[in-house]
1. Rounded to the nearest 0.05, what FRET efficiency is calculated for Tyr269 and Ala163 with R0 set to 45 Å and r the Cβ-Cβ distance?
2. How far apart, in nm, are two points set 7 Å out from the Cα along the Cα-to-Cβ line at Arg289 and at Leu119?
3. Taking amide H atoms as placed 1.01 Å from N in the peptide plane, list the residues 5 or more away in sequence, or in a different chain, whose amide H sits under 5 Å from that of Leu257.
4. Quick check on my link table: of Lys28/Lys59; Lys112/Lys200; Lys11/Lys46; Lys11/Lys79; Lys44/Lys112; Lys33/Lys59, which ones sit more than 28 Å apart, alpha carbon to alpha carbon?
5. If you stretched the chain out fully between Asp253 and Ile130, how much longer would it get, using 0.36 nm times the residue separation minus the C-alpha to C-alpha distance?
6. Would you calculate the separation in nanometres between label points at Lys142 and Tyr35, each defined as 7 Å from the Cα along the Cα-to-beta-carbon direction?
7. Once phi is turned into ³J(HN,Hα) by the Karplus curve 6.51 cos²θ - 1.76 cosθ + 1.60 with θ = phi - 60°, what whole-Hz value does each residue of the stretch 318-330 show in order, with x for glycine and proline?
8. Quick one: Cα convex hull volume of the stretch 1-62, Å³ per residue?
Amino acid sequence: MLDDYSDLQLKIINSTLAMTNDNWKTIKTAVGKYYFFDPTDGYKLKVGYGVNAETVIGKMILGEALGIYNENGSMSFDKDGFKVTNGHNTFVVDPNSESILTVSHEGNPLLKFDDNGLLHIWGDGSALDINANDSITGLHTKISQTADEIALEVNRAKKEEEALSTRLSITENGISALVTKTDETSTAFSEFVQNYDGFKSKVVTTDPSSGNFIGSQIEQNSDHVRLSWNKCSNYIQFEKGEMNIYSSSTHSDDTLLARFNDKGVGFYYKGQYVGRIGTNFMRGNTQMRGLSFDLDGDGDDYMAWAHKENDIYMIKLAYWVSDNLLRADCPFEFQSTAQFDSTVTFKKGISADNITGYIQSKQLANSCISTLELKNGAVTTDKIAGGAVTTAKIKTGAVTEVELADGAVTTDKIAGGAVTGDKIGDYTINYSKIKGGEFCEFTINSITYKFQGGLLTSVTKPEGFN
């Protein structure tokens, strides 16, 4: 028998059953009375009865006040649930609380689940960052929250295809969204921004031919709706029941081009109002309405209809304010009766086809067609259709000597029977009105009169005539 004992020993000392595995250098397990620092009471030294062991193994642990705590107090498991903390951020699972799971920072809740299972995220200085990456497809998604912003991002970038990106941001100032596509040759994006006083949307892409950015934009607030196209930034603005077109983003009278309202379409040139096209009514008869072209009259020069010829617009018909004159620089044709209430000047004559049946006695009023307007050859026999000018149409004195320009009416121009005795009123054509050589011979009441050089040379009477 050896005088040697195992290091594994058991002793009963007073009220404690103790066990050791190093011959009482240390005690590995004690059952009975012992002293401990209570983590639930500020780590005060207290006396307790129970089991103190390095390892406790079993199928079930039951107790009225079961608690598990680590040495530095960063973790606990007791009647209040499970708690982990680093002194700043705390994670708690508490079955007795309104929220079974709570995450807090410096005592302020950041995340919790309520009784209905809804997730709540808030708190000063809180931040949420959720990322998902797929290296195979190149897809990256991210949801982030800070005290200033909530943002959602989706990105895809692979070498063999274009890069796509979408970002949605929500801040105290409003909401913004940006969608972008980029490849080796072009970039395109659309953007939407909304705040308390309006919104703005924009669509921009790269012009493949020039490489410049082109796009459009819509802006709306309580005062106007504004549209713009391309790099020139011309604007169409809806405001106060009108639609205005400006030549640039500077909205002033100097850049105003046109204005649409209940009066029609008004036009401007270099800040000056020119006139408008719109509906109107006749003075004294509001039931007679029509479409009108109105010049403002304050410095406006003309109103014209033109045709493009060799890249130049050539005026064909124009009204000139300074001369109060309507001019036509092209053939003019009337398919029906035309009435002129003012002087008409024919610079290049009137053709028989245009006169036939349309110049009547009442239209040949006194001085309506004057000597100045009867240019040499302007009205000739072949241009006067039969019956277009008759005795009844020739007013007494309407055609006088001064109005018969030299050669205007000659023998060869007088058609047979166009001017006869019964058409010559009293002294409408007399001796003093007959120019030399203009009337060589004519017959009145069967008597033939011959003239030469303005003098009567012979008179021939029929036989038996006294």
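Just so you know, all these numbers are worked out from the coordinates, no wet-lab data involved. None of these values were measured; they are calculated from a predicted model. Here the Cβ positions follow ideal geometry from the backbone for every residue, glycine too, while neighbour counts run over all protein chains shown.
1. 0.45
2. Between Arg289 and Leu119, the simple spin-label model gives 6.3 nm.
3. Under 5 Å from the amide H of Leu257 lie the amide H atoms of Ile245, Tyr246, Ser247, each far enough along the sequence or on another chain.
4. Checking Cα-Cα distances, Lys112/Lys200; Lys11/Lys79; Lys44/Lys112 exceed 28 Å.
5. Length difference between fully extended and current span is 39.0 nm.
6. Between Lys142 and Tyr35, the label points sit 5.7 nm apart.
7. 8, 10, 9, 5, 4, 9, 6, 9, 9, 10, 10, 10, 7
8. In the stretch 1-62, the Cα convex hull volume per residue is 127 Å³.
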